[in-house]
Amino acid sequence: MISFRLPALAGLLLCVAAGTAKADDAVTIGTDWRAEAEHGGIYQALATGIYKKYHLDVTIRQGGPNLNQAQLLAAGRYDFSVQSNSFEPLNFVRANVPVVAVAAAFQKDPQVLIAHPGAGNDTLEAMKGKPVLISAASRENFWKFLEQRFGFTDAQIRPYTFNMAPFLADKSAIQQGYLTSEPYAIELATGEKPVTILLADQGYQSYAAMIATTRATIDAKPELVQRFVSATMEGWKSYLEVDPAAANALIKKDNPEMTDAILAHALAGMKSYGIVTAGDAATLGVGAMTDARWQSFFDFASTAGLYAKDLDYKKAYDLRFVGKGVKP
């Protein structure tokens, strides 16, 4: 009979356990801008140990004005990326780039038009025919929706360089913005809440804050993709419904320009407008996407001339990782 002294037996058992324990998978995600509340679910999943629970060792890389996160994803530098709107995955299909959306944290794109109160620009119908400050990139996305649905024309376009001084100086001005950003900055500067029209509430069907990965990763590691999506959506639920303090601390560490007030305002806006929890998320769970909505969005975009009618738009997304029950 072979016998062990207790210390020797304990050491053996520890060695066996160490050899069989599941190691956490190292994952890197690149966001679409500098750290902000719009990435709150990702930071919450990291800060509160949700990723760890799913055996993920996650690194978050901030985006910025000179970074192409999707390019870094396609090159294998990142495992996942955050894509800002539904045009981006369709653009990848058109360019034959194998990057695919696997979840949509935002059911509503936070794109807004902003006007001064009391200037007669309280509706999109009232803004028709009037000058609007928009960026060059916006001409090829939400502006097409405004043309189709509300009769806007290119003659209205004025250049927006993300400097709000022209808007602040002109009480008749109208400009683009992000629900959780420019309206608050304008309120601080003027002391008045601006007129803020969320395009998603006027029929604009783009998703936002989408999680994307490569087709190769989906094919080789579908279980990893599922864990990352599930953990991230659990992070969003926690950020919205529990306590965002842990995520906000990491956000401020990564982006010192963020303040508690800015983060609180952005979170309140996401909650009050149902940015994460509206639409299909109520029944299918946070991160939901559907064939019907993608088809509707593609029909609009192709009719606007942005894509060929025969583009295989279903290559832009993969629905197998959503609808797993992380309900708001």
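Computed values, structure above
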| item | result |
| --- | --- |
| Hey, PHE80 modelled with pLDDT of 95 or more and either more than 24 Å from GLY177 (Cβ to Cβ) or among the basic types (Lys, Arg) (or both) or not | yes |
| Test: residue in segment 203-214 that is in a helix (DSSP H, G or I) and surrounded by fewer than 22 Cβ atoms within 10 Å (Cβ to Cβ) | no |
| Residue within segment 227-239 that is over 16 Å from the mean Cα position of the chain (by Cα), modelled with pLDDT of 95 or more and in a loop (DSSP other than H, G, I, E, B) present | no |
| Some residue of segment 243-254 being among the β-branched types (Val, Ile, Thr) and out of contact with any Asp or Glu (no Cβ under 8 Å at 6 or more places or on another chain) | no |
| Matching residues, segment 59-92, being hydrophobic (A, V, I, L, M, F, W, C) and either open to solvent by 50 Å² or more (accessible area, probe 1.4 Å) or without any contact (Cβ under 8 Å) to a residue 60 or more places away in the chain (or both) | LEU67, LEU72, ALA74, ALA75 |
| Which numbered condition ALA26 fails, given (1) in a loop (DSSP other than H, G, I, E, B); (2) hydrophobic (A, V, I, L, M, F, W, C); (3) surrounded by fewer than 19 Cβ atoms within 10 Å (Cβ to Cβ) | (1) |
| Filter result for ILE251 (touching a residue at least 12 places away in the same chain (Cβ under 8 Å), open to solvent by 10 Å² or more (accessible area, probe 1.4 Å) and in a helix (DSSP H, G or I)) | no |
| Residues satisfying the stated conditions in segment 294-325, i.e. among the aliphatic types (A, V, I, L, M), within 19 Å of ALA105 (Cα to Cα) and open to solvent by 30 Å² or more (accessible area, probe 1.4 Å) | LEU319 |
| Matching residues, segment 236-279, being acidic (Asp, Glu) and more than 24 Å from ALA200 (Cβ to Cβ) | ASP243, ASP254, GLU257, ASP260 |
| Residue match in segment 140-163 (condition: in contact (Cβ under 8 Å) with a residue 40 or more places away in the chain, open to solvent by 70 Å² or more (accessible area, probe 1.4 Å) and under 30 Å from THR28 (Cβ atoms)) | yes |
| Test for GLY129: is it in contact (Cβ under 8 Å) with a residue 12 or more places away in the chain, loosely packed, with under 15 Cβ neighbours inside 10 Å, farther than 30 Å from THR277 by Cα and touching a helix residue (DSSP H, G or I) at 6+ places or on another chain (Cβ under 7 Å) | yes |
| Among the residues listed as ALA95, ALA119, the single one being of a type outside the set (Asp, Glu), open to solvent by 10 Å² or more (accessible area, probe 1.4 Å) and without any contact (Cβ under 8 Å) to a residue 40 or more places away in the chain | ALA95 |
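The values are calculated or read from the model by the stated rules, or taken from the named source; none is laboratory data. Note that the coordinates shown come from a computational prediction; the quantities given were computed from them, not determined experimentally. Note: ideal-geometry Cβ built from the backbone for every residue, glycine included; neighbour counts use all protein chains shown. Accessible surface areas use protein heavy atoms only, side chains included; no ligands, DNA or RNA. Shrake-Rupley method; radii C 1.70, N 1.55, O 1.52, S 1.80 Å.
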